[in-house]
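*Asks:* First the structure, then my questions, so here it is.
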Amino acid sequence: MNARDQQNGPIIRIRGLCTRFGPQVIHENLDLDIDPRRVVGIVGGSGSGKSVLLREIVGLMRPAAGRIEVFGQDTCALDDAGWRDLKRRWGLLFQDGALFSSLTVAQNIEVPLKEHSQLSRAIRRDLVDIKIALAGLPPEAAHKYPSELSGGMRKRAGLARALSLDPEILFLDEPTAGLDPIGAARFDELIGQLQRTLGLTVIMITHDLDSLYAICDQVAVLIGKRVKLGTIEDLLREPDEWIQDYFLGPRGRAAAGTAKQIANGHVTTDRANTD
Amino acid sequence: MAMSQTTGDDTPWVEARQEADTLAFALGGAWVTQRIGKQAAALDTAPLPGARRVSLDIAAVAAMDTAGAWLVYKTIKQFRAQGLEVELVGAGKATAGLIETVAKSDIPCPPQPEPENPLIAILLRVGASTVFICREGRDLTNFLGHTVSVLFRLAVKPWRLRWTAWFSHMEQSGLNAMPIVGLISFLIGVVLAYQGADQLARFGAQIFTVNLVAVGVLREMGILLTAIMVAGRSGSAFTAQIGTMTVNEEVDAMRAIGLDPMEVLVAPRVLALIVVMPLLTFYADIMGLLGGAVMATAVLDISFVRFTRQLSEAVTMWSFWVGILKAPIFGFIIGLVGCYEGLKVSRSAESVGQQTTRAVVEAVFLVIVIDAMFSIMFSYLKI
């Protein structure tokens, strides 16, 4: 019922993407379509270009060749004003939160609101409080500086900042890396819940098989300089050795087992009680 | 509720109307973070006396995000708190869900702590800085002792010194500094000669420009300028290098492996500056005199031969040694402060910058203080 529902076709569409670092080819003729309101996990071996792909989609890097369309707009053809408008429509969570260290958590979250909206100071403050609660941070964290927070709290604060403009797409770079298993499970749950209530499209780079099983609708595997997109079941039908190893290796099987047990209601976890 | 963001004007709007005992709001347009502006104030319309009910009609709202949902929720909350009956009309399933989410997240954060009374704040800052400077002095003295003891240990066991690192730092802070130190000294020689000649010409004593340049450059200018350049170039680099290593936990890793950072990081750097500073000063002296000589020949009609003859009369060997003797001490201090501030970096990128600035300021300050003390000492010794 919302403007963002009017989007027809994929929200991100990549065609013929090539990336090279000198003689080293990272992506070659890579195609990828991501539909709105999906949670897509990007996986791949070290050096397969996951972070590079993400950085290219959000315009922090330019590909050597190819076309990247976000919301149906070709990002390579955009002028500065077009980029500014586009950047307001997505949020980005960096690996360690990338909070501005000289600002408190509340000020960090307020930065995009101050820059990109005409809301009054009081409403901005109210919205910051809501985002802090949405990201699952305790209210006392609002006036702390990033250096006073734990890694998990920094990620939540980074997430709150990424959500401050109510983006349509949320990009996450290894959201659960460096968190303990309980913290990671809570973070997964939080992202799933935000995705459902706010109608987000979530694109996350992850090495965490539990996250893939728990919240991802689709998985994009970067392999052989291309990408293979599908649900985990689809991917399991691929003959590729790396994919088989990835999902059917000891860790993959363990994560799949847990996911199945949770789905069947055999395991009660405390994931559900995070609001 | 079905309106596209691209077609038509979707600026958010509010209409407030009171009929009998009902205050009716109608909302429309896109109630999203980036569109809402002054309209929000209209939601604060106070009900006229006699109102018992409030109705909020959001059927015409084209798009809503958490900002819009918060405003709607806040309005409902405020009127309920005034004892009015509030009804929300025309909310779709998604919008209702969003408003519910916002309601659940309505956990106000504590207000920002009030800033101190300015007078007390000034007193606090003065006190804190005083304590800080005293502590810094104590810690730096402590570090000085530590470094000296490590250097003595290395003198007894020279094979423990990191020779490669030592030579590499000598190259970086000595050899690579030559162009800039040379250029600056040359220019200062030119400036001294020019300004001196201007004044001395009034007494017809132009030839004494040579004395001015020679004594000035050899005793003070050569060494001071070199020290300031090295503090800015190498002292800051030491802090940044060691500081970044501290941030990356490399220094902790060294300690864990059983390497002494004092031996591995501090000693080669400090020793490099002790060796390099006299050499650079010697070079700066020559370039400064050369600058003076060039100026004298070009503008003042003092030929190069006359310049050198006057030079040998003007200065004794001691003028030269006064400058050179200070060099290793200044080098030691610059290296010491650079390394000390680098090891004091806490685990944040911001602190690397802070400590680097502090290292340069402290090194230059100490160099000038000690230079003043040397001047007093030399004047007692009548050198």
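*Asks:* Among the listed residues B:THR130, B:THR101, which satisfies the condition of being surrounded by 10 or more Cβ atoms within 10 Å (Cβ to Cβ), facing chain A (nearest Cβ under 7 Å), in a helix (DSSP H, G or I) and not charged (D, E, K, R)?
*Replies:* It is B:THR101.
*Asks:* Could you list, in sequence order, all residues of the stretch B:337-354 that are assigned to a helix (DSSP H, G or I) and surrounded by fewer than 24 Cβ atoms within 10 Å (Cβ to Cβ)?
*Replies:* Within the stretch B:337-354, B:LEU343, B:ALA349, B:GLU350, B:SER351, B:VAL352, B:GLY353, B:GLN354 qualify.
*Asks:* Next question, about the same structure. Looking only at the stretch B:42-61, which residues are among the small types (Gly, Ala, Ser) and either buried (at least 23 other Cβ atoms within 10 Å of the Cβ) or more than 22 Å from B:GLU100 (Cα to Cα) (or both)?
*Replies:* Listed by number, the residues that qualify are B:ALA42, B:ALA46, B:GLY50, B:ALA51.
*Asks:* Give me the helices (runs of 4 or more DSSP H) completely within the stretch B:156-218, filtered to those with at least 2 residues that are among the β-branched types (Val, Ile, Thr), closer than 17 Å to B:MET229 by Cα and assigned by TED's automatic domain parsing to the domain that holds B:ASP260, ordered by residue number.
*Replies:* Answer list for the stretch B:156-218: B:178-200.
*Asks:* Turning to a different aspect of this structure: Let me spell it out: the conditions are (1) within 13 Å of another protein chain (Cβ to nearest Cβ); (2) without any contact (Cβ under 8 Å) to a residue 40 or more places away in the chain; (3) among the aromatic types (Phe, Trp, Tyr), and B:TRP13 meets all of them except one. Which number is the exception?
*Replies:* (1)
*Asks:* Which of the residues belonging to the stretch A:69-83 are away from chain B (no Cβ under 13 Å), touching a strand residue (DSSP E or B) at 6+ places or on another chain (Cβ under 9 Å) and part of a loop (DSSP other than H, G, I, E, B)?
*Replies:* Selection gives nothing.
*Asks:* Is it fair to say A:GLU174 is crowded, with 19+ Cβ neighbours inside 10 Å, under 15 Å from the mean Cα position of the chain (by Cα), touching a residue at least 40 places away in the same chain (Cβ under 8 Å) and more than 20 Å from A:ALA98 (Cα to Cα)? Talk me through it step by step, then tell me what you get.
*Replies:* On the way: crowded, with 19+ Cβ neighbours inside 10 Å: yes; under 15 Å from the mean Cα position of the chain (by Cα): yes; touching a residue at least 40 places away in the same chain (Cβ under 8 Å): yes; more than 20 Å from A:ALA98 (Cα to Cα): no.
In short, no.
*Asks:* Here's a check for you: in the stretch A:195-221, which residue that is out of contact with any strand residue (DSSP E or B) (no Cβ under 8 Å at 6 or more places or on another chain) and in contact (Cβ under 8 Å) with a residue 12 or more places away in the chain is farthest from A:VAL40 (Cα to Cα)?
*Replies:* The selected residue is A:LEU198.
*Asks:* Let me ask another. Which of the following residues is of a type in the set (Val, Ile, Thr), within 30 Å of A:ARG121 (Cα to Cα), in contact (Cβ under 8 Å) with a residue 12 or more places away in the chain and surrounded by 11 or more Cβ atoms within 10 Å (Cβ to Cβ): B:THR147, B:THR75?
*Replies:* B:THR75
*Asks:* Here's a follow-up. Being β-branched (Val, Ile, Thr), in contact with an Asp or Glu (Cβ under 9 Å, 6 or more places away or on another chain) and over 25 Å from A:ARG196 (Cα atoms) is true for just one of B:VAL54, B:VAL86. Which residue is that?
*Replies:* Within the list B:VAL54, B:VAL86, the selection yields B:VAL54.
Yes or no, residue by residue, for (1) assigned to a helix (DSSP H, G or I); (2) at pLDDT below 85:
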{"site": "A:ILE191", "(1), (2)": "yes, no"}
{"site": "A:VAL219", "(1), (2)": "no, no"}
{"site": "A:LEU229", "(1), (2)": "no, no"}
{"site": "A:ALA254", "(1), (2)": "yes, yes"}
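*Asks:* Next question. Scan the stretch B:12-55 for residues that are over 16 Å from B:ALA69 (Cα atoms) and in a loop (DSSP other than H, G, I, E, B) and jot them down.
*Replies:* B:ALA20, B:ASP21, B:THR45, B:ALA46, B:PRO47, B:LEU48, B:PRO49, B:GLY50, B:ALA51, B:ARG52
A quick yes/no check of all residues on (1) under 23 Å from B:THR66 (Cα atoms); (2) touching a Cys at 6+ places or on another chain (Cβ under 7 Å); (3) part of a loop (DSSP other than H, G, I, E, B); (4) among the aromatic types (Phe, Trp, Tyr):
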{"position": "A:PRO10", "(1), (2), (3), (4)": "no, no, yes, no"}
{"position": "A:ARG15", "(1), (2), (3), (4)": "no, no, no, no"}
{"position": "A:THR19", "(1), (2), (3), (4)": "no, no, no, no"}
{"position": "A:ARG67", "(1), (2), (3), (4)": "no, yes, no, no"}
{"position": "A:ASP85", "(1), (2), (3), (4)": "yes, no, no, no"}
{"position": "A:LEU92", "(1), (2), (3), (4)": "yes, no, no, no"}
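*Asks:* How about the stretch B:138-160: which of its residues are closer than 19 Å to B:LEU273 by Cβ and either in contact with a strand residue (DSSP E or B) (Cβ under 9 Å, 6 or more places away or on another chain) or hydrophobic (A, V, I, L, M, F, W, C) (or both)?
*Replies:* B:LEU140, B:PHE143, B:LEU144, B:VAL148, B:VAL150, B:LEU151, B:PHE152, B:LEU154, B:ALA155 - these are the residues of the stretch B:138-160 that are closer than 19 Å to B:LEU273 by Cβ and either in contact with a strand residue (DSSP E or B) (Cβ under 9 Å, 6 or more places away or on another chain) or hydrophobic (A, V, I, L, M, F, W, C) (or both).
*Asks:* Residues in the stretch A:136-166 that are within 9 Å of chain B (Cβ to nearest Cβ) and in contact (Cβ under 8 Å) with a residue 40 or more places away in the chain: how many?
*Replies:* Matching residues across the stretch A:136-166 total 5.
*Asks:* Picking from B:VAL150, B:VAL190, B:VAL217, B:VAL210, which residue would you name as being of a type in the set (Val, Ile, Thr), closer than 16 Å to B:PHE332 by Cβ and over 26 Å from the mean Cα position of the chain (by Cα)?
*Replies:* On the way: B:VAL190 fails: closer than 16 Å to B:PHE332 by Cβ; B:VAL217 fails: closer than 16 Å to B:PHE332 by Cβ; B:VAL210 fails: closer than 16 Å to B:PHE332 by Cβ.
Of the residues listed, the single one that is of a type in the set (Val, Ile, Thr), closer than 16 Å to B:PHE332 by Cβ and over 26 Å from the mean Cα position of the chain (by Cα) is B:VAL150.
The values are calculated or read from the model by the stated rules, or taken from the named source; none is laboratory data. Just so it is clear, the model here is predicted, and its values are computed rather than measured. When we count neighbours, we look across all protein chains shown, and the Cβ atoms used for this are built from the backbone with ideal geometry, even at glycine.
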